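Take a look at the structure set out below.
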Amino acid sequence: MTFKTRFAPSPTGPLHLGHAYSACLAHDMALAQDGQFYLRIDDIDQSRSKPRWEQQIYEDLAWLGISWSQPVLRQSERLPRYRDTLQILWDRGLLYPCTCSRADVRAAASAPQEGIALHGPDGLVYPGTCRPETPHTGPLPNLPLRLDMARAIKLLNTPLEFLETGSTHTGETGQIQPQNMVKTVGDVALARPGMGASYHLSIVLDDADQGITHVIRGQDLFEATQIHVLLQRLLNLPTPTYHHHGLIRDDAGKRLAKRDDARAISKYRNEGATENDIRQKVGLSLSLD
Ligand code: GLU
Ligand code: ZN
């Protein structure tokens with residue numbers, strides 16, 4: 001069996017213990033399967049991505065004893081690919097422009113006639129303020145775009161499902177009820193202001209183009225997986241196997257955030273910790289070399 005996995009950090013801050021766990025786990029799993037481990041730089045959000053953080057990703061991973069297959073994919077170099085895909089979805093009448101701000105969405109989603117504002121895997125469920133009655137035609141606009149979820153679901157004639165192997169979701173089959181997605185996910189953003197594409201669209205295309213067979217990532221992305229599988233089906237792309245792992249928490253039980261510099265790998269390194277000290281901290285078996 002081919003086994004290709006990846007670690008895809010965003011260079012928007014230092015890697016911390018949670019990243020170390022994710023990277024080492026994916027690397028170990030690839031090694032055990034005689035597969036390949038890729039590094040991808042998820043720098044689609046150019047306003048928050050910084051070269052110094054990208055540089056530190058390479059240094060931290062090397063220090064952790066991790067090596068990766070080439071090439072390293074950088075999302076900022078793939079904007080034409082994302083744009084071409086938006087064009088395909090636009091031509092099929094599945095996208096519409098929406099320049100609503102987060103505050104606009106919050107206000108509209110909590111308007112009395114909308115009932116209780118729902119939170120989905122992509123934040124507040126968008127109440128559809130800008131959704132047109134009939135699909136837009138003409139050239140693809142250079143504007144933030146949303147997916148018309150109800151229209152997209154109608155196009156599907158196969159059930160949405162994926163194989164989940166992560167132990168944190170035992171009992172969950174990876175079966176998706178597309179009809180529910182209209183309510184619980186809503187019209188997700190596929191092109192964001194100032195960004196060539198949203199996170200969801202870019203990672204789906206990256207995984208497919210790199211031939212990733214196994215996506216290993218944190219449990220916080222489990223709910224977003226239904227969006228990724230839906231996009232794969234709409235775009236005729238294969239669905240990898242998913243393995244969502246548990247999240248590393250701080251001593252108070254809180255999930256580590258990007259800003260959690262206190263748990264930065266570089267900080268442990270500067271304090272004289274070894275690669276195996278980090279492995280021990282996150283509960284992974286020790287590296288023998
Ligand atoms: N770049 C994403 C993050 O930093 C991970 C993408 C993925 O694993 O799908 O959370
Ligand atoms: Zn809008």
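Rule-based calculations on the coordinates, nothing more; no lab input. These numbers were taken from a predicted model, which means no experiment stands behind them. Methodologically, a virtual Cβ is constructed for each residue, glycine included, from the backbone with ideal geometry; neighbour enumeration extends over all protein chains shown.
Counting every Cα pair in the range 1-147, what percent are over 29 Å apart? When every Cα pair of the range 1-147 is considered, 40 percent fall beyond 29 Å. Normalised Debye scattering of the chain at q = 0.08, 0.12, 0.14 Å⁻¹ gives log10 I(q)/I(0) of -0.36, -0.82, -1.10, counting only Cα atoms as equal scatterers and leaving out solvent.
The sum of -39500 (n - 2.57) across all DSSP H runs of n ≥ 4, divided by the residue count of the chain, sets its helix-only mean residue ellipticity at 222 nm to -10000 deg cm²/dmol. For the chain, the list of Cys residues with no other Cys C-beta under 4.7 Å reads C24, C100.
Based on the Cβ-Cβ distance from T184 to Q33, what FRET efficiency comes out when R0 is 25 Å, to the nearest 0.05?
The pair T184/Q33 has a calculated efficiency of 0.15.
Within the same chain, lysines fewer than 8 places from K254 are excluded, and of the rest, those with a Cα less than 24 Å from its Cα are K267, K281. Gain on full extension, evaluated as 0.36 nm per residue between A273 and Y58 minus their Cα-Cα distance, stands at 75.6 nm.
Here L155 and R106 are evaluated by their C-beta separation; at R0 = 35 Å the FRET efficiency comes out at 0.70. Applying both filters, DSSP loop and at most 15 other Cβ atoms within 10 Å, to the trypsin sites (Lys or Arg not before Pro) of the range 172-266 gives K254, R259.
Which of the three applies to the range 140-218, rounded, prolate or oblate, going by the alpha-carbon gyration tensor with a ≥ b ≥ c and a/c under 1.5 meaning rounded? Show your work: numbers first, answer last.
Working: a/c = 2.06, a/b = 1.31, b/c = 1.57.
Taking the square roots of the gyration eigenvalues as a ≥ b ≥ c, the range 140-218 is oblate.
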